[in-house]
Amino acid sequence: MSFLSARAMTGGYGATDILHGCAIAVERGEIAVIVGPNGAGKSTAMKAIFGMLRLREGEVRLDGEPITALSPQERVRRGMGFVPQVNNVFASMSVAENLEMGAFIREDDYSETMEQVFSLFPILYEKRAQAAGELSGGQRQQVAVGRALMTRPKLLMLDEPTAGVSPIVMDELFDKIIEIARTGISILMVEQNARQALNIADKGYVLVQGRNRYTDTGEALLADPEVRRTFLGG
Amino acid sequence: MTGAARVLALYAVMAALILLVGLLQSWTVALAILQLSLISAIMSLGANIQWGYAGLFNAGVMGFAALGGVAGVLVAMPPVAGALAAGGLDLGLAILTVLATAALILFLRPRLPDLIRTPATLVLAFLGYLAMRRFLDPASAAIGSATGAQGYMGGLGLPILIAWPVGGLFAAGAAWLVGKVALGLRSDYLAIATLGIAEIILAVLKNENWLTRGVKNVTGIPRPVPDEIVLQQQPWVIDLAARFGSDPVMTAAVVSRLWYAVLFAIVLAILLWLSERALRSPWGRMMRAIRDNRDAAEAMGKDVTRRHLRVFVLGSAVVGIAGAMLVTLDGQFTPASYNPLRYTFLIWVMVIVGGSGNNWGAVLGGFLIWYVWVVAEPIGNWLTAHLAALASPGGWWDSHLRAAAPHFRPLLMGLILLVTLRFAPRGLIPEARGR
Amino acid sequence: MENFLNALVLFTNFVVIPATTYGAQLALGALGVTLIYTVLRFSNFAHGDLMAFGTMLTIMVTWGLQALGIGIAPLPTALLALPVGMIGATALALLTDRWVFAFYRHRRADPVIFVIASVGVMFVYNAITRFFIGVGDQRFEDGARFVIRVPDFRAMTGLREGLALRTSQVLTVVVMALAVAFVFWFLNRTRTGKSMRAYSDNEDLALLSGISPGHVVRVTWVLAACLATLAGVLYGLDKSFNPFVYFQLLLPIFASAIVGGIGQPVGAVVGGFVVAFSEVTLTYAYKGVLTYLLPEGMAPEGLVQLLGTDYKFAVSFVILVIVLLVRPTGIFRGKVV
Ligand SMILES: Nc1ncnc2c1ncn2[C@@H]1O[C@H](COP(=O)(O)OP(=O)(O)OP(=O)(O)O)[C@@H](O)[C@H]1O
Ligand SMILES: [Mg+2]
């Protein structure tokens, strides 16, 4: 069984369902990528997996155990970390405080983890005393990812980590994400830059209107002419 | 129960409650409750226009009601001899100074460079204030000394009924000023600003003796209804008394109160009719659309702040009218009697309990909560007496409890507000959701 | 020179000292209001009555202690009773949150609904306070009333004008400085304090980080209730206790919080002093001061008072209006949601 497995997720924010039997699975240490048009329900699927949305049907399991009924905080304790698409830093707090808040649930000494985050994102160390709201978009994304890493999650979920980031910084961010995955952390990521994302992905999901349209390895999806034509723009 | 049937049933219960007081206690008491219920209903209607139509929280109802009361004094009291001659000129100049300062500021502001606009405005306003004081202080002193025991200007000596619309105008003017400043910002800034303006209005009314005699009160405001003493001697009243087997004094009291009640009821009916029409008009629909989704309305290019200002002014005007009516009923203007629990927050309980956004609900709330407010006192007495009976009679606890009975009122009102807000947030007669 | 000194003493005695004391009281009140605002996102209309409740408890205990002959002279006995008032106010605030505000928080109700609920709470607090202590004025200051007395000061300096410094005034400023320092330390240095700031900054992300909103909210109420009691007791020692006056303090307190920038603790403190100094300087009659300063024969006839003391609330209001017109975010750029 996969490390994370979400099956037949159906539900939405109100009366109408956004997700219709959507399924996502991620193996240990693997990078999985969700792509799809705007409004397809990618962010909604992420929120559902993280317990920020009540599902009408379906089930989420982490490491074989059902977690569907757990609150987001409890999922954090079980080893999940989430970087939302928007408002993903504490803008009025310093970078160091952001990381500290990321480690809020940890009772042990987390200075080592902070060192690791700083060595992953050296710029954050330089800016550690500055308010996160005063950083550039790319730096802010690094703070957001760094914050989520502070709990030493086993599964890291990223919703469009490269949104609004220049191509160079984007490549850099993808490199960092690969680096994180190498340490054994599973990664589930939503990406608008589908090509680059599928390039580094072990597995890719194409979501359309809340349903799985294609599921395959990143490579295979990139090679599929149908996927290329409809979702990757030729 | 369908909407209309429910409204009817609730109003029937309300009528029965008032009748019950008449039957069990006395008709004059029942009518006194009815009179103040009608006035409360109008105030509640005014607050509902602001809250129910537009979601504006006005924490200064008391101030607008008091301004309406001032209208009663200024319109209906006879002018005091000598006041105008003594202080009229200076008073006129003081008013001119205020107007001139305002005009100057309004004229200069757009023409000044950004950097000095605000400081210059403040300096000008301050100088204008000093100039106004230069005229107002002597005017106030002169009026005080020229009028002896009266000590104030008096009014225009016009019929008191004219004061009702004038009270509305006074309140509308003050509301326009506050709204101009506080609307368009965070929703609770309006609440805080209105809380403040109400305190200031009352401070002015308590201290500017030349205007309202301050804490010395203005009594003997002319009545729109023949005096009870006069009524007692009317042949038709004596006739009526004989027919009901009652004495003329009692009958005159009932007739006089009924007379007031009818006047109030007419005003309420007109305002209710207007409010209902407004609510159902395209304008009312738009206001509720703005209330429910401000962002969407703004995206559609609607100037939300300007529309809120209009609603705020309208609602305050209605409160002002009720304030003038209240002074008419009392026959006196007593600035010290205005307190925010009774004149601001009680009105809020009425609106919330009745049904925010529903005019019929607001009116019912006015009736019901006033009724509860009145009966809360005997209930409080009864409760504390029973509690006190548990303690040793005549002891500290006993006397303390008896003295504490009046505090049962705010407690009950607070609890009613909290319970309604929690368990029936849409009130007794909820707003019709279908547009 | 001596005239100048006399004028200075007069000004200090009637403007600087009272305004500083009052500013400290407002600062404590505004700090509580602003904390509630930043974490729970509403203007708490019951804050004045929470102040009154905490003070009322303190006074009751003070009376009890006085009857038993227990005191800490030269300091006022009320200081000894203060913890009881704080604990009582905290308990009341926590119960209120559990029974009233928590419900709306879970529903993510509009801020104005919280404001209206706080009006209901205000009624109830008001009734409770009045039930125990009535509606009259209460004085409960005891201990050494003066640090410096007017005659002593005159004898010391040989000046015509005297200066008095009351124990309660010194106490107010000292306690306020300690309390503010503690709150700032708490917010910026402790894990719980930081989690409060995080929650206020970004509620959703705070939840994702495992910060428990219930805990944050409880801590906020504890702080607000203790600050409210402190402010109330210090105000009562300095002037006198009256439930209705405490309700009326809402306006200057809100004005202080908004002037400083609502949601900004530093702003609340600065705002408290801005409002207090404006109020006292504008309502003070300068006749005496000017008589010393101006050449003989030019002494003013009138009181030279810009505004009667009865209009002191107008000052808060005007400050409020100026801030709303000129810079709605306040001095320290608070939140304007
Ligand atoms: N908080 C919300 N409340 C109600 N509806 C929502 C909410 N968030 C999203 N939706 C709706 O759910 C649908 C899916 O939105 P979602 O954010 O999941 O899309 P997405 O695939 O992440 O798109 P994007 O690529 O633009 O981020 C959309 O139709 C959107 O309008
Ligand atoms: Mg999305």
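Surrounded by 18 or more Cβ atoms within 10 Å (Cβ to Cβ) and either assigned to a helix (DSSP H, G or I) or more than 12 Å from ligand 1 (Cβ to nearest atom) (or both), is that true of A:Ile105? Criteria not met by A:Ile105. For A:Val33, work out the one condition from (1) assigned to a helix (DSSP H, G or I); (2) within 14 Å of ligand 1 (Cβ to nearest atom) it doesn't fulfil. Failed condition: (1). Step by step: first the residues of segment A:37-87, then only those that are touching a residue at least 40 places away in the same chain (Cβ under 8 Å), assigned to a strand (DSSP E or B) and among the acidic types (Asp, Glu), then the one that is nearest to the other protein chains (Cβ to nearest Cβ). Which residue is that? Per the stated criteria, the residue is A:Glu59. Out of B:Ala81, B:Ala30, B:Ala59, one residue alone is aliphatic (A, V, I, L, M) and part of a helix (DSSP H, G or I). It is B:Ala30.
Against the list (1) within 16 Å of ligand 2 (Cβ to nearest atom); (2) buried (at least 23 other Cβ atoms within 10 Å of the Cβ), the condition A:Thr44 fails is (2). Looking across segment A:1-23, just one residue is within 15 Å of ligand 1 (Cβ to nearest atom) and among the charged types (D, E, K, R), and that is A:Asp17. Only a single item in (1) touching a helix residue (DSSP H, G or I) at 6+ places or on another chain (Cβ under 7 Å); (2) more than 16 Å from ligand 1 (Cβ to nearest atom); (3) away from chain C (no Cβ under 13 Å); (4) at pLDDT 90 or above is not met by A:Gln141, and it is number (2). Would you call C:Leu324 closer than 29 Å to C:Ser200 by Cβ and more than 14 Å from chain B (Cβ to nearest Cβ)? No: the conditions fail for C:Leu324.
Filter segment C:167-216 down to the residues that are out of contact with any Phe, Trp or Tyr (no Cβ under 7 Å at 6 or more places or on another chain), surrounded by 15 or more Cβ atoms within 10 Å (Cβ to Cβ) and acidic (Asp, Glu) and list them by number. C:Glu203, the sole residue that qualifies.
One residue alone among C:Leu234, C:Leu320, C:Leu223 is assigned to a helix (DSSP H, G or I), touching a Ser or Thr at 6+ places or on another chain (Cβ under 6 Å) and modelled with pLDDT of 85 or more, and that residue is C:Leu234.
A:Leu232 - would you say it is surrounded by fewer than 17 Cβ atoms within 10 Å (Cβ to Cβ) and either more than 16 Å from ligand 2 (Cβ to nearest atom) or among the β-branched types (Val, Ile, Thr) (or both)? Answer is yes for this residue. Assessment of segment C:189-202 against the conditions (within 30 Å of A:Phe90 (Cα to Cα), out of contact with any Pro (no Cβ under 8 Å at 6 or more places or on another chain) and among the acidic types (Asp, Glu)) yields at least one matching residue.
Test C:Ile262 against the stated conditions and say whether it is part of a helix (DSSP H, G or I) and either within 12 Å of chain B (Cβ to nearest Cβ) or within 19 Å of C:Val15 (Cβ to Cβ) (or both). In short, no. Please determine, by comparing only the residues of segment C:220-237 that are over 10 Å from the mean Cα position of the chain (by Cα) and either within 14 Å of chain B (Cβ to nearest Cβ) or surrounded by 19 or more Cβ atoms within 10 Å (Cβ to Cβ) (or both), which one is farthest from A:Gln73 (Cα to Cα). Applying the filter and picking the extreme gives C:Leu237. Taking segment A:51-60 as the range and being touching a Gly at 6+ places or on another chain (Cβ under 9 Å) and within 16 Å of ligand 2 (Cβ to nearest atom) as the test, only A:Leu53 passes. If you go through segment C:133-166 and keep only what is on the phi > 0 side of the Ramachandran plot and either loosely packed, with under 13 Cβ neighbours inside 10 Å or basic (Lys, Arg) (or both), you end up with just C:Gly158. Just a yes or no: is a residue in segment A:26-34 within 13 Å of ligand 2 (Cβ to nearest atom) and in contact with a Leu (Cβ under 7 Å, 6 or more places away or on another chain)? Looking for residues that are within 13 Å of ligand 2 (Cβ to nearest atom) and in contact with a Leu (Cβ under 7 Å, 6 or more places away or on another chain), one finds at least one in segment A:26-34, hence yes. Within segment C:124-141, being more than 30 Å from C:Val100 (Cα to Cα) and either more than 20 Å from the chain's Cα centre (by Cα) or outside any loop (DSSP other than H, G, I, E, B) (or both) holds for one residue alone: C:Gln138.
Is it true that some residue in segment B:207-216 is away from chain C (no Cβ under 14 Å), among the polar types (S, T, N, Q) and farther than 22 Å from C:Glu279 by Cα? There is no residue in segment B:207-216 that is away from chain C (no Cβ under 14 Å), among the polar types (S, T, N, Q) and farther than 22 Å from C:Glu279 by Cα. Restricting attention to segment B:402-419, the residues being farther than 15 Å from B:Val375 by Cα and either facing chain C (nearest Cβ under 9 Å) or within 23 Å of the chain's Cα centre (by Cα) (or both) number 7. For the residues C:Arg130, C:Arg107, C:Arg139, the requirement of being within 14 Å of chain B (Cβ to nearest Cβ), more than 26 Å from B:Glu377 (Cβ to Cβ) and charged (D, E, K, R) singles out C:Arg107. The numbered conditions (1) over 30 Å from B:Ala149 (Cα atoms); (2) among the aliphatic types (A, V, I, L, M); (3) within 14 Å of chain C (Cβ to nearest Cβ) are all true for B:Met62 except (1).
Residue-by-condition table, conditions (1) small (Gly, Ala, Ser); (2) assigned to a helix (DSSP H, G or I); (3) at pLDDT 90 or above:
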position: B:Ala4; (1), (2), (3): yes, yes, no
position: B:Ala9; (1), (2), (3): yes, yes, yes
position: B:Leu19; (1), (2), (3): no, yes, yes
position: B:Gly22; (1), (2), (3): yes, yes, no
position: B:Gln35; (1), (2), (3): no, yes, yes
position: B:Ala41; (1), (2), (3): yes, yes, yes
position: B:Ser44; (1), (2), (3): yes, yes, yes
position: B:Asn48; (1), (2), (3): no, yes, yes
position: B:Tyr53; (1), (2), (3): no, yes, no
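Filtering segment A:150-195 to residues that are modelled with pLDDT under 90, within 16 Å of ligand 2 (Cβ to nearest atom) and more than 20 Å from A:Val95 (Cα to Cα) leaves A:Gln192, A:Asn193, A:Ala194. Under the condition of being more than 8 Å from chain B (Cβ to nearest Cβ) and part of a helix (DSSP H, G or I), which residue from segment C:298-315 is nearest to B:Val215 (Cα to Cα)? Going through the qualifying residues, I end up with C:Thr309. Of note, C:Thr167 does not satisfy the criterion of being among the hydroxyl-bearing types (Ser, Thr, Tyr), within 30 Å of C:Met60 (Cα to Cα), at the interface with another protein chain (Cβ under 9 Å from one of its Cβ atoms) and in contact (Cβ under 8 Å) with a residue 60 or more places away in the chain. No other residue among C:Val124, C:Val150 is within 14 Å of chain B (Cβ to nearest Cβ) and aliphatic (A, V, I, L, M) apart from C:Val124. Got at least one residue in segment A:196-211 being farther than 29 Å from A:Ala25 by Cβ and either surrounded by fewer than 16 Cβ atoms within 10 Å (Cβ to Cβ) or within 16 Å of ligand 2 (Cβ to nearest atom) (or both)? Taking every residue of segment A:196-211 in turn, none turns out to be farther than 29 Å from A:Ala25 by Cβ and either surrounded by fewer than 16 Cβ atoms within 10 Å (Cβ to Cβ) or within 16 Å of ligand 2 (Cβ to nearest atom) (or both).
The values are calculated or read from the model by the stated rules, or taken from the named source; none is laboratory data. Predicted, not measured: the structure shown is a model, and the values here were computed from it. We place every Cβ from the backbone using ideal geometry, glycine too, and count neighbours over all the protein chains shown.
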